[in-house]
Structure formats: structure tokens, C-alpha cells
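For reference, the structure discussed in these notes is given below.
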Amino acid sequence: MAALVITVNGVRREVAAPAETPLLSVLRDELGLNGPRYGCGLEQCGACLVLRGAEAVASCRLPVGEVADAQITTLEGLGTLDEPHPVQQAFLEEQAAQCGYCSNGMLVAAAALIWRTRRPTDEQICAALDDVLCRCGSHLRIMRAVKRAAALMWEEQA
């Protein structure tokens with residue numbers, strides 16, 4: 001088996017996994033990244049979302065061989081403890097996470113939305129987050145956090 005080279009969080013990494021191995025398995029088991037989580041395994045809960053370029057994609061069934069030429073960003077690659085990404089900062093400020101199950105997916109989906117939409121409407125936010133399963137009722141705080149993140153991100157760019 002030939003090693004695959006993938007770029008994750010800006011770092012080119014050689015992974016020893018068959019090309020058909022789900023990206024999520026490689027991220028968690030081989031690279032030790034815990035942001036993306038295993039949820040349903042059917043691309044239906046959003047717990048495993050990562051960014052492929054600026055697009056949020058489910059990693060639980062995405063073969064690692066299909067991302068060799070892509071830039072993959074996980075929750076860990078968005079920001080750091082010292083310099084959080086505006087989405088991470090806004091989620092903290094709005095206390096938008098409760099149980100944590102959906103946090104990875106919400107943050108990744110929100111980042112993808114904000115990169116393509118400067119001032120997302122409530123409808124755009126709902127549509128972007130619709131595929132991320134959340135059961136703890138923090139939806140209003142999440143909506144506020146996404147709006148705050150957009151303001152933070154685009155203020156910093158101005």
C-alpha cells in the first residue's frame with residue numbers, strides 16, 4: 001500500500017491508509033484530531049464536518065483518496081486558544097454550545113457560510129446549519145453566534 005499525502009490544517013501529511021478509508025478515521029485515528037466526531041456514519045448528523053477548501057463536507061464516508069489535492073481544515077485548524085477564529089470566539093461569547101455533540105459541525109458549517117456570505121440572513125444561517133443535528137436547544141444562541149462571527153470576521157477584514 002502506497003502512502004497518501006493529504007494537507008490538513010495547512011500541513012502536508014503522509015498517511016498510511018488505503019484510499020477508500022474514510023477521511024474521519026484518518027483524521028482521528030492517524031492524525032489525532034478530535035474536532036470532527038463520529039456520529040451517525042451516514043453523512044446525516046454533521047458531527048464529522050470538515051472544510052474542503054471553503055466548503056463544509058461530511059468526512060465520515062468521504063474516502064481519504066479523494067482529498068489528496070484538497071486543503072482540509074478541521075476545527076483545530078480554524079484558530080488557536082490564543083487566536084481563535086471569529087466563529088470560535090463568537091460561539092464562546094454567546095455561550096452557544098451545551099452538550100458539545102454538534103459543536104464541531106456548527107462551527108465548521110458557520111465558517112463555510114461566513115466565507116461565502118458577508119451578512120447571512122436568518123434563513124441563510126438556518127439553511128447552512130440545517131444538516132447539523134442538535135438536540136440541546138441552543139439554537140437561538142447559535143444563531144446569535146453566527147451573526148456575531150460574521151461581524152467579527154468582516155470587521156477584521158475591512
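The values are calculated or read from the model by the stated rules, or taken from the named source; none is laboratory data. Being a predicted model, the structure only gives us computed values, none of them experimental. All Cβ positions, even for glycine, are placed from backbone atoms using ideal geometry, and neighbour counts span all protein chains on display.
What the table shows:
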{"item": "Residue list for the stretch 46-79, restricted to those being in contact (Cβ under 8 Å) with a residue 40 or more places away in the chain and on the phi > 0 side of the Ramachandran plot", "result": "G46"}
{"item": "Options L42, L49; residue that is modelled with pLDDT of 95 or more, farther than 23 Å from L140 by Cα and not assigned by TED's automatic domain parsing to the domain that holds R148", "result": "L42"}
{"item": "Residue ID - surrounded by the most Cβ atoms within 10 Å (Cβ to Cβ), chosen from residues in the stretch 131-144 that are over 13 Å from F91 (Cβ atoms) and of a type in the set (D, E, K, R)", "result": "D131"}
{"item": "Filter result for the condition that a residue is crowded, with 19+ Cβ neighbours inside 10 Å, outside any loop (DSSP other than H, G, I, E, B) and in contact with an Asp or Glu (Cβ under 7 Å, 6 or more places away or on another chain), over A150, A112, A128, A90", "result": "A112"}
{"item": "Matching residues, the stretch 32-62, being crowded, with 18+ Cβ neighbours inside 10 Å and among the polar types (S, T, N, Q)", "result": "S59"}
{"item": "Considering residues of the stretch 117-138 that are of a type outside the set (A, V, I, L, M, F, W, C) and within 16 Å of V87 (Cβ to Cβ) only, the residue modelled with the lowest pLDDT", "result": "S138"}
{"item": "Residues of the stretch 38-54 that turn out to be within 10 Å of the chain's Cα centre (by Cα) and more than 17 Å from G10 (Cβ to Cβ), as a count", "result": "4"}
{"item": "Of the criteria (1) touching a Ser or Thr at 6+ places or on another chain (Cβ under 7 Å); (2) surrounded by fewer than 22 Cβ atoms within 10 Å (Cβ to Cβ); (3) without any contact (Cβ under 8 Å) to a residue 40 or more places away in the chain, which one D29 fails", "result": "(1)"}
{"item": "Candidates G65, G105 - the one that is at pLDDT 95 or above, surrounded by 13 or more Cβ atoms within 10 Å (Cβ to Cβ) and within 14 Å of the chain's Cα centre (by Cα)", "result": "G105"}
{"item": "Those residues of the stretch 1-13 which are within 17 Å of E66 (Cβ to Cβ) and either without any contact (Cβ under 8 Å) to a residue 60 or more places away in the chain or surrounded by 13 or more Cβ atoms within 10 Å (Cβ to Cβ) (or both), in sequence order", "result": "M1, A2, A3, L4, I6, T7, V8, R12, R13"}
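Here is a yes/no grid of residues against (1) touching a residue at least 12 places away in the same chain (Cβ under 8 Å); (2) under 25 Å from V5 (Cα atoms); (3) assigned to a strand (DSSP E or B); (4) of a type in the set (A, V, I, L, M, F, W, C):
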| site | (1), (2), (3), (4) |
| --- | --- |
| Q44 | yes, no, no, no |
| L81 | no, no, no, yes |
| A96 | yes, no, no, yes |
| I142 | yes, no, no, yes |
